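Dumping the structure here so I can ask a few things about it.
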Amino acid sequence: MTRFSRWLTGSVAAVALVGAAAGTRTLLAQDQGKPAAKPPAAKPQDADAKKKAQAERMATFKKLFPAAKTTLAAAVEAAEKKSKGKAFEVSFGLTKDAKLNLTVEVVADDKIVHVAVDPQTGVAADPKAPGEENEEDDDD
């Protein structure tokens with residue numbers, strides 16, 4: 001047998017083994033109830049519903065944001081005073097029940113805490129660790 005013949009035979013065998021292994025993985029995935037190759041594509045209706053919901057949230061935010069009486073600088077000052085820390089991020093958002101919220105992230109005592117500030121009055125709430133926040137908080 002020539003060198004080329006041995007190489008060709010070995011290459012064909014290697015390709016066959018790789019193909020068989022891929023087919024086996026697909027069958028095993030199907031037996032376990034997992035998707036074989038790729039998950040089904042998202043339905044266009046879901047994407048349209050998400051876009052519509054996002055547009056509604058943005059419209060609500062645009063309506064409520066100008067009514068906020070607290071500036072970002074005042075919110076940072078109130079949060080730093082309440083937590084005795086240093087602010088590094090501040091954001092406006094909407095809660096799940098479509099109310100405006102203002103959150104300041106602060107480093108205090110070598111920990112990161114979130115301080116909610118009332119957008120109307122500028123009063124800072126007690127600092128909370130990131131996992132302790134109210135379930136209605138949703139910073140989008």
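Report ³J(HN,Hα) in whole Hz for each residue of the stretch 59-64, in order, from the Karplus equation J = 6.51 cos²θ - 1.76 cosθ + 1.60 where θ = phi - 60°; Gly and Pro get x.
Working through the residues one at a time gives 4, 5, 4, 4, 6, 7 Hz.
What list of ³J(HN,Hα) values in whole Hz, one per residue of the stretch 44-57 in order, does the Karplus curve 6.51 cos²θ - 1.76 cosθ + 1.60 (θ = phi - 60°) give from phi, with Gly and Pro shown as x?
Values, residue by residue: x, 5, 5, 5, 5, 5, 5, 5, 5, 5, 5, 5, 5, 5 Hz.
Cα-Cα over 30 Å: which of LYS69/LYS96; LYS63/LYS128; LYS99/LYS128; LYS51/LYS99; LYS50/LYS84?
LYS50/LYS84
Residue-wise, which Karplus ³J(HN,Hα) couplings in Hz belong to the stretch 103-112, taking 6.51 cos²θ - 1.76 cosθ + 1.60, θ = phi - 60°, and x for glycine or proline?
In residue order, the calculated couplings are 10, 10, 9, 10, 9, 9, 6, 6, 10, 8 Hz.
Among residues other than LEU72 whose Cβ falls under 13 Å from its Cβ, what is the net charge (Lys/Arg +1, Asp/Glu -1)?
Its environment carries a net charge of -3.
Every read-out reported here was derived from the displayed coordinates using simple, explicitly stated rules and does not represent laboratory data. Computed from a predicted model, the values in this text were never measured in an experiment. Positions of Cβ are backbone-derived with ideal geometry, glycine not excepted, and every protein chain shown enters the neighbour counts.
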